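Undergrad: Submitted below is the structure of interest, expressed as structure tokens.
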Amino acid sequence: MTPLQHYLALATILFFIGAWGMMARRNIIMVIMCIELMLNAVNISLVAFSNYMPSPVPGRGEVFVFFVFGLSAAEAAVGLGIAIALYRLRERLSVDELDGMKG
Amino acid sequence: MKAAAILIPLLPMTSFIITGLLGKRYFREKSHYLPVAAVAASWLLSMFVIVQVERGETLSWQIYSWIAAGNFNVDVGIQIDQLTAVMLLVVSTVGFMVHVYSIGYMKGDPGYYRFFAYLNLFMFSMYMLVLANNFLLLYVFWEAVGLCSYLLIAFWYPKVSAANAGTKAFLVNRVGDFGFGLGVILIFVTLGTLNYTAVFGHAGDIGTGTLTAITLLLFVGAVGKSAQFPLHVWLPDAMEGPTPVSSLIHAATMVNAGVYMVARSSPLFFESTTTMFIVALVGTFTAIFAASIALVQNDIKKVLAYSTVSQLGFMFAALGVGAWVAGLFHLVAHGFFKGLLFLASGSVIHALGGEQDMRNMGGLKNKIKITYWTFIIGALAIAGFPGLAGFFSKDAILEQVFLGGYWYFWIVAITTSFMTAFYMFRLIFMTFHGEPRDLKAFGHAHESPRVMWVPLVVLAVPSALIGLALGFPPGAGHIDSFLRPVFEEVLGAEHHFGLLEGGLMAFSALIGIVGILAAWRMYVIRPDLPVKTGARFQGAYRVLLNKYWIDEIYFALIINPVRALSRGLWRFVDINIIDGFVNGSALFFRGVGNLFRPAHSGKVQSYLFTMFLGLLVLLAAYWILTL
Amino acid sequence: MEFSPIPFYIVSALVIICAIAMIYFKELIYSALSMVACFMAIAGIYILLNAELVAGAQVLIYVAAISILVIFAIMLTRHRKGDFWLFFHRQSVVTLPFVVVAGIVLTVVLATAAYDSSEEALNPPDEEMARLLFQDYSFPFEVLSLVLLVAIMGAILLAMRERRR
């Protein structure tokens, strides 16, 4: 059977790919997609732990994944709503041009 | 009884709130309806309460627990006994009459509603002051009446002198109140309670030194509030306020609060011989000191103000020698006839269109007859003319001072008594007799409206008769038996009225009449005499006219040095050090802010990167720590 | 039962390649399609992990719902065409070494650590999962539905065209 460590390595790599994308890409929709990617990486680790580590209630890790699903769906809906509203307001979607909070 | 007791203060309070909030917009020149009605109702209730107390019923009622912090417990409560009843009699009657009188006196004033609102607030505070059952509540309303006094002295605040007089009264009172506050704190520290009954029950347990300290501190409060030397300076200036205020607050009620407080604390004062002697000393000295100033003043209200200071000195002298009942008797009598005198002087001022200088008056006795006759009754009462109120009350004091062995105080007091008669009739002769000196004002002079002279007549009745009603026969009158329960423990045995007492009484009556005759001779028969006398004793005259330069001494010793010090502190410490510190810290944080400002680029992804680095640092730290 | 490790390597390679492709594509629609592929591959990982219910939900929620949302957002907005630096930050060059080094270090740390892992798969069958989700955790589940409702209302409010006054 594939060891737990392999799954964790996959999750970590996926997480860092998402993190870099989030810092590197300019488009706000792209940023949201990268967040989804990072959430998926976390989900993989949760399911993997749930499958490999003994627990008094088997499957609890998986239940947690469902809640992450729900929250990420909510986040995507609101995030994309903001993206569309922003686009309508500014005709721009570049995160680095939205620096109204500059100190 | 309970309902009456709580309603007495609450009615004026309610009226104050309603009039104060709505008066300006809705009541305007009708502002007096509600306040006068409220005070009238309070007066009726007070009379009811007094009758109940007369029947032997007293009240001690804890309404609710106000402060309960650890062992610091203070209740809001009402205590009604014979002493409270006596105070209620003066406060409610004079208060009611002054309210009625103000309707006429303040007519057309732009602050009409405000005046009545303040008066109601004062009535509430004064009622609570005498009804309170513990020292903290007493202190709170002690301050409240001080506030009302300030508000009403400075009632015509656009006038600079009025505003200054208000401030002066407030500041001088602070000195006294500070002492009073310390005294209350010391009581609490010593006994752990502030309730009258509990404190007086343990009066004997306090050490002599502590007790003297407590009573002296309390007396400092009384000196401030009752305008005794050396804190008397505010009262003459307080005459800047409207005359009804002078009558109510600065003659009949608030200034008596000090006397009331000392009498209320009689179990404490009684235990300390030192304090008692100081009280008597200060009282006697103030009596003659103020009376001597009153001899030469030319402002009609100033004469009455110094007279008030002097009479309050009499009361303290009485309390100091242990003549508690006599002191309170004089308080009641003085409350009535001094209230009357002030209202009558207000009527004179009103008649002359605001003139207060007696040198511009004269010959008014046929123009304003009611005012003249009521004034005569008040003046005879204060001068101790046989049969009138002051005769009995003042003689009770003089007699007890003499019998107590304080013959030196007696000499001073009897001299004061002569001066009192003299300056009061000097005032009358200058104002009402002789030739009119200011013909223009004289021509316009007219009797006040009925709403003003009716209170004069009403107050003239007790001024004339209260001595007979309460103080006859001397030493065993009604007031002696009435107040006896309050002072049971501190009062000596009743003494009999004998030949010596009769002689003293006759002598002081004679002194009073001599004073009146002396004034008659100087101001009616030989009008040139005062000027000559003044010229002959020029030094003494100038000292008196300038009120012993007490104000100037205060300016030189306290006010100017403090001012100079403040200016110095402002110029150097405040501007350079304090402001420097404040501005310096502002500059420092602005600099630090500028330093970190580039970090706030507004670019979300730079923040993100920073966050990411932080995460890495945390992970590294965790890893290193768990290695 | 003996599993071969080969399927895991194939699927995880797919996941990583799709993820990198998603970041790399300049055209947003390609990125979105790569994302869909990536999510499908992750569903495969869940199946390998004995979590069929999660795999199904992954397909429903990510591959269907969220992807559709993203694609709609892309279609509702216009996009510029241009060279590489129009899509990437200058700072991406700076961040890349950090991310790579940190990623490698963390991967190595996690992959070499020892776990008390069991030898057999512990994820319960779907019936047990359903019981957990709808009985033991029914209250958080309901709260989550409320959160979703609020989020949808918020999204609608945000994206709604403002009425002309």
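The values are calculated or read from the model by the stated rules, or taken from the named source; none is laboratory data. Predicted, not measured: the structure shown is a model, and the values here were computed from it. Please note: Cβ atoms are built from the backbone with ideal geometry, for glycine as well, and neighbour counts cover all protein chains shown.
Undergrad: Within segment C:3-45, how many residues are polar (S, T, N, Q), in a helix (DSSP H, G or I) and without any contact (Cβ under 8 Å) to a residue 24 or more places away in the chain?
TA: 2
Undergrad: Would you say B:ARG542 is modelled with pLDDT of 85 or more, more than 14 Å from every other protein chain (Cβ to nearest Cβ) and under 33 Å from the mean Cα position of the chain (by Cα)?
TA: Judged against the criteria, B:ARG542 is not a match.
Undergrad: Would you check if A:MET33 is at the interface with another protein chain (Cβ under 7 Å from one of its Cβ atoms) and at pLDDT below 90?
TA: no
Undergrad: I would also like to ask the following. For segment A:43-58, how many residues meet the condition of being crowded, with 24+ Cβ neighbours inside 10 Å, of a type outside the set (A, V, I, L, M, F, W, C) and facing another protein chain (nearest Cβ under 7 Å)?
TA: Of the residues in segment A:43-58, 3 are crowded, with 24+ Cβ neighbours inside 10 Å, of a type outside the set (A, V, I, L, M, F, W, C) and facing another protein chain (nearest Cβ under 7 Å).
Undergrad: Tell me, please, whether a residue that is touching a His at 6+ places or on another chain (Cβ under 7 Å), surrounded by 15 or more Cβ atoms within 10 Å (Cβ to Cβ) and within 14 Å of chain B (Cβ to nearest Cβ) can be found in segment A:76-91.
TA: Checking segment A:76-91: not a single residue is touching a His at 6+ places or on another chain (Cβ under 7 Å), surrounded by 15 or more Cβ atoms within 10 Å (Cβ to Cβ) and within 14 Å of chain B (Cβ to nearest Cβ).
Undergrad: A further question follows. C:LEU158 fails exactly one of the following numbered conditions: (1) facing chain A (nearest Cβ under 7 Å); (2) at pLDDT below 90; (3) closer than 23 Å to A:VAL57 by Cβ; (4) assigned to a helix (DSSP H, G or I). What is the number of that condition?
TA: Only one criterion is unmet by C:LEU158, namely (3).
Undergrad: Would you mind stating whether B:LYS394 is crowded, with 24+ Cβ neighbours inside 10 Å and in contact (Cβ under 8 Å) with a residue 24 or more places away in the chain?
TA: The answer is yes for B:LYS394.
Undergrad: Only residues that are of a type outside the set (Phe, Trp, Tyr) and facing chain A (nearest Cβ under 9 Å): list them for segment C:68-79, please.
TA: Within segment C:68-79, C:LEU69, C:VAL70, C:ALA73, C:ILE74, C:LEU76, C:THR77, C:ARG78, C:HIS79 qualify.
Undergrad: Looking for whichever is in contact with a Pro (Cβ under 8 Å, 6 or more places away or on another chain), at pLDDT 90 or above and either not assigned by TED's automatic domain parsing to the domain that holds B:LEU341 or not hydroxyl-bearing (Ser, Thr, Tyr) (or both) here; the options are B:PHE16, B:PHE48, B:PHE96. Which one fits?
TA: Being in contact with a Pro (Cβ under 8 Å, 6 or more places away or on another chain), at pLDDT 90 or above and either not assigned by TED's automatic domain parsing to the domain that holds B:LEU341 or not hydroxyl-bearing (Ser, Thr, Tyr) (or both) holds for just one of B:PHE16, B:PHE48, B:PHE96, which is B:PHE16.
Undergrad: Quick one: which residue in C:ALA114, C:ALA55, C:ALA151 is more than 7 Å from every other protein chain (Cβ to nearest Cβ), of a type in the set (Gly, Ala, Ser), surrounded by 15 or more Cβ atoms within 10 Å (Cβ to Cβ) and free of Cβ contacts under 8 Å to residues at least 40 places away in the same chain?
TA: It is C:ALA55.
Undergrad: Here is a list of conditions, (1) in contact with a Ser or Thr (Cβ under 9 Å, 6 or more places away or on another chain); (2) within 14 Å of chain B (Cβ to nearest Cβ); (3) modelled with pLDDT of 90 or more, and A:ASN40 meets all of them except one; can you say which number that is?
TA: All conditions are met except number (2).
Undergrad: Inside segment C:63-96, can you point out the residues that are in a helix (DSSP H, G or I), over 29 Å from A:PHE49 (Cα atoms) and not aliphatic (A, V, I, L, M)?
TA: C:PHE72, C:PHE84, C:TRP85, C:PHE87, C:GLN91, C:SER92, C:THR95
Undergrad: Output the residue which, of all residues in segment B:302-357 that are of a type outside the set (A, V, I, L, M) and not in a helix (DSSP H, G or I), is surrounded by the fewest Cβ atoms within 10 Å (Cβ to Cβ).
TA: B:GLY354
A quick yes/no check of all residues on (1) of a type in the set (D, E, K, R); (2) closer than 30 Å to C:VAL143 by Cβ; (3) surrounded by fewer than 22 Cβ atoms within 10 Å (Cβ to Cβ):
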position	(1), (2), (3)
A:ALA9	no, no, yes
A:LEU14	no, yes, no
A:ILE29	no, yes, no
A:MET38	no, yes, yes
A:PHE66	no, yes, yes
A:GLY70	no, yes, yes
A:ALA74	no, yes, yes
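Undergrad: Let me ask something else about it. So which residues in segment B:399-427 are β-branched (Val, Ile, Thr) and either touching a strand residue (DSSP E or B) at 6+ places or on another chain (Cβ under 9 Å) or within 12 Å of B:GLY515 (Cβ to Cβ) (or both)?
TA: Residues satisfying the conditions are B:ILE414, B:THR415, B:THR416, B:THR420.
Undergrad: Turning to a different aspect of this structure: Return the residue satisfying two criteria in turn: it lies in segment C:25-52 and is polar (S, T, N, Q) and within 7 Å of chain A (Cβ to nearest Cβ), and of such residues it is farthest from C:ASP83 (Cα to Cα).
TA: That would be C:ASN50.
Undergrad: Under 6 Å by Cβ, and 6 or more places apart or on different chains, what pairs join a residue from segment C:124-147 that is within 8 Å of chain A (Cβ to nearest Cβ) with one that is assigned to a helix (DSSP H, G or I)?
TA: Note: pairs meeting the criteria are C:MET129/C:LEU53; C:LEU132/A:VAL63; C:LEU133/A:VAL63; C:TYR137/A:VAL63; C:LEU144/A:PHE67; C:LEU144/A:GLY70; C:VAL147/A:ALA74.
Undergrad: Condition check: more than 9 Å from chain A (Cβ to nearest Cβ) and without any contact (Cβ under 8 Å) to a residue 40 or more places away in the chain. Does C:TYR62 satisfy that?
TA: Spelling it out, it is not the case that C:TYR62 is more than 9 Å from chain A (Cβ to nearest Cβ) and without any contact (Cβ under 8 Å) to a residue 40 or more places away in the chain.
Undergrad: Against the definition (β-branched (Val, Ile, Thr), within 14 Å of chain B (Cβ to nearest Cβ) and touching a residue at least 60 places away in the same chain (Cβ under 8 Å)), how does A:ILE28 come out, yes or no?
TA: Yes.
Undergrad: Sort out which residues of segment B:454-463 are touching a residue at least 12 places away in the same chain (Cβ under 8 Å) and surrounded by fewer than 22 Cβ atoms within 10 Å (Cβ to Cβ), and write them in order of number.
TA: The answer is B:VAL454, B:VAL457, B:VAL458.
Undergrad: Do we find a residue being at pLDDT 90 or above and over 24 Å from B:VAL262 (Cβ atoms) anywhere in segment B:143-150?
TA: No: zero hits.
Undergrad: Of everything in segment C:24-35, what is surrounded by 20 or more Cβ atoms within 10 Å (Cβ to Cβ) and either closer than 27 Å to C:PRO5 by Cβ or out of contact with any strand residue (DSSP E or B) (no Cβ under 8 Å at 6 or more places or on another chain) (or both)? Give them in sequence order.
TA: C:SER31, C:ALA32, C:SER34, C:MET35
Undergrad: Next up: Return yes or no: is C:PHE25 farther than 23 Å from A:ALA83 by Cβ and at pLDDT below 90?
TA: Taking the combined requirement at face value, the residue does not satisfy it.
Undergrad: Please determine whether any residue of segment B:185-196 is over 22 Å from the mean Cα position of the chain (by Cα) and surrounded by fewer than 13 Cβ atoms within 10 Å (Cβ to Cβ).
TA: yes
Undergrad: Among (1) surrounded by 14 or more Cβ atoms within 10 Å (Cβ to Cβ); (2) assigned to a helix (DSSP H, G or I); (3) not assigned by TED's automatic domain parsing to the domain that holds C:GLU27, there is one condition C:GLU142 misses while meeting the rest; what is its number?
TA: Going through the list (1) surrounded by 14 or more Cβ atoms within 10 Å (Cβ to Cβ); (2) assigned to a helix (DSSP H, G or I); (3) not assigned by TED's automatic domain parsing to the domain that holds C:GLU27, C:GLU142 breaks only (1).
Undergrad: Please pick out the residue among B:GLY580, B:GLY534 that is surrounded by 11 or more Cβ atoms within 10 Å (Cβ to Cβ) and touching a helix residue (DSSP H, G or I) at 6+ places or on another chain (Cβ under 6 Å).
TA: Matching residue, one of B:GLY580, B:GLY534: B:GLY534.
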